[in-house]
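See below for the structure under consideration.
The values are calculated or read from the model by the stated rules, or taken from the named source; none is laboratory data. No experiment lies behind these values; they were computed from the predicted model shown. Virtual Cβ from ideal backbone geometry, glycine too; neighbours counted across all protein chains shown. In case anyone asks, the SASA skips ligands and DNA or RNA and just uses the protein heavy atoms, side chains included. Shrake-Rupley method; radii C 1.70, N 1.55, O 1.52, S 1.80 Å.
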Amino acid sequence: MPSEREYQITPVVPETIMHNTKALANVHSLSASLFGVTTGILGLESYHGFLVYLLLSFITATLYYVLKIAPDSLAEGRKPLDTGRYYRNAFEFWTSGALNGVSGFVLTWTLFYGLVRA
């Protein structure tokens, strides 16, 4: 948890956190649709499709973290997995994408599964 002095030096701006959350949500929404296309074309059914979705969502969050957050955190001397300056909390960062993109995933999954199997 940052101290009061750290907040005075580098304040956390709520508008910036909202912008970062929207950007992450957009990445997860678009990638969830692409994951649905992938699982539909591969013809995966039931739990196998959802496991692929969860795995690919975790990989997406990891890539987003490595490419966007980690370089800034390490340059500032913060802990490696500290997302508190950019997002509300770490749990939201790692899980919100998988939970918010499920509907788009299922929609494109069933569409492409039906197109391929028809």
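Is it the case, given these coordinates, that N89 is more than 25 Å from A118 (Cα to Cα), open to solvent by 40 Å² or more (accessible area, probe 1.4 Å) and modelled with pLDDT under 85? Yes; evaluated as a whole, the condition is true for this residue. Please tell me if T38 is modelled with pLDDT under 85 and open to solvent by 50 Å² or more (accessible area, probe 1.4 Å). No.
Out of all the residues in region 100-118, which are open to solvent by 90 Å² or more (accessible area, probe 1.4 Å) and farther than 17 Å from N20 by Cα? L107, L111, L115, R117, A118 - these are the residues of region 100-118 that are open to solvent by 90 Å² or more (accessible area, probe 1.4 Å) and farther than 17 Å from N20 by Cα.
If we scan region 104-117, do we find a residue that is assigned to a helix (DSSP H, G or I), at pLDDT 80 or above and in contact with an Asp or Glu (Cβ under 9 Å, 6 or more places away or on another chain)? Yes, the conditions are met somewhere in region 104-117. In this entry, D72 is excluded by the filter for residues that are outside any helix (DSSP H, G or I), at pLDDT below 80 and open to solvent by 40 Å² or more (accessible area, probe 1.4 Å).
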